[in-house]
1. HN-Hα J couplings of the stretch 235-249 from phi, Karplus 6.51/-1.76/1.60, θ = phi - 60°, integer Hz, Gly and Pro as x?
2. Would you calculate the separation in nanometres between label points at Thr243 and His7, each defined as 7 Å from the Cα along the Cα-to-beta-carbon direction?
3. Calculated from DSSP H runs of 4 or more alone, at -39500 (n - 2.57) each and per residue, what is the 222 nm mean residue ellipticity of the chain, nearest 500?
4. Taking the DSSP beta bridges in the stretch 160-268 as the whole, what percent of them are antiparallel, to the nearest 5?
5. If the chain between Ala58 and Ser126 were fully stretched, how many nm would it gain, using 0.36 nm times the residue separation less the Cα-Cα distance?
6. Could you work out how far apart the two model spin labels at Val33 and Met78 are, taking each label as a point 7 Å from the Cα in the direction of the beta carbon, and quote it in nm?
7. Dividing the alpha-carbon Rg of the chain by 2.2 N^0.38 Å yields what?
8. Step through the residues of the stretch 177-190 one at a time and calculate ³J(HN,Hα) from phi using the Karplus curve (6.51 cos²θ - 1.76 cosθ + 1.60, θ = phi - 60°), rounding each to whole Hz and writing x for Gly and Pro.
Amino acid sequence: MSARYSHYLSRIRELAAQAADRILDIYQRGFDVDTKCDGSPLTDADRAAHQVIVTGLAKLTPDIPTLSEESDSRVLAMRQDWEKFWLVDPLDGTREFVKRNDEFTVNIALIDGHRPVLGVVHLPVSGVSYFACEGEGAFRCDPEGAERAIHARSYHGGAATIVTSRSHPGKDLADYLARFEQCQGSFQALAMGSSIKLCLVAEGRADVYPRLGPTSEWDTAAAQCVVEAAGGRVVDSKNSPLTYNKPSILNPWFFAGGSGNHDWTAYLGEGNQ
């Protein structure tokens, strides 16, 4: 256990819950939707959750900088000089928020040495949260406050449960699933939004989440920590773990899989390996 991180965990969980309360308030009373320059949606809930989290983190750890999805471009440029920082998606799954299907999360991670060493993923609507700290294991907390350790399951071939993106399917994923079916037989596809997909792998409800499309570092960091602490792996198409604070904030294609050594990249087309 990285003891110097564990004492942050309870406060980070509180901050995520406070941000979730602000999100729910806006979710229930209605909101306008703006569009960012990259075409993605932005709401008052994104902004409100961002403010709660960055203010709280500044008070908790004034010596550790924060990068949020809603930070301005100056912060994004400064991050290259940081060895350790908080990486935040105040409302992951804004498209799901806008669709009102309840599949969105608050994500807070601590990055140290290009790796997520602490992660909290909170689901505002259900009140469920997932959290982990390097070396400590991963946990799920229900709305009543009951906590239990979670563990990724091991895949040994045959039928699998594969989590897919509800809002970002595509031909590459369809081709991947076809190759998997050809090699392993039937599978159950489970469509879901936001970082919940990785958490389903972490708690052993799914075998893999293949993401063959664009994501940013703040989309994955907190949940990657949870998956890895639960015994799973989050790797790119070369089977190397996802790393953070890269020159580009964008992630490569990745696979969040359970425990064991199954090569989930084996079902990629030759040009994608």
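Here, each number is a calculation from the coordinates, and none is a lab measurement. In this text the structure is predicted, and so the values were computed from the model without any measurement. All Cβ positions, glycine included, derive from the backbone under ideal geometry; neighbour counts span all protein chains shown.
1. Per-residue couplings from phi come out as 10, 8, 5, 9, 6, 9, x, 4, 10, 10, 6, 6, x, 9, 6 Hz.
2. Inter-label distance under the simple model: 3.1 nm.
3. -10000 deg cm²/dmol
4. Bridges in the stretch 160-268 are about 60 percent antiparallel.
5. Contour length minus Cα-Cα distance gives 21.7 nm.
6. The two pseudo-label positions are separated by 3.3 nm.
7. 0.95
8. With the stated coefficients, the stretch 177-190 comes to 5, 5, 5, 4, 4, 5, 8, 10, x, 5, 8, 9, 9, 10 Hz.
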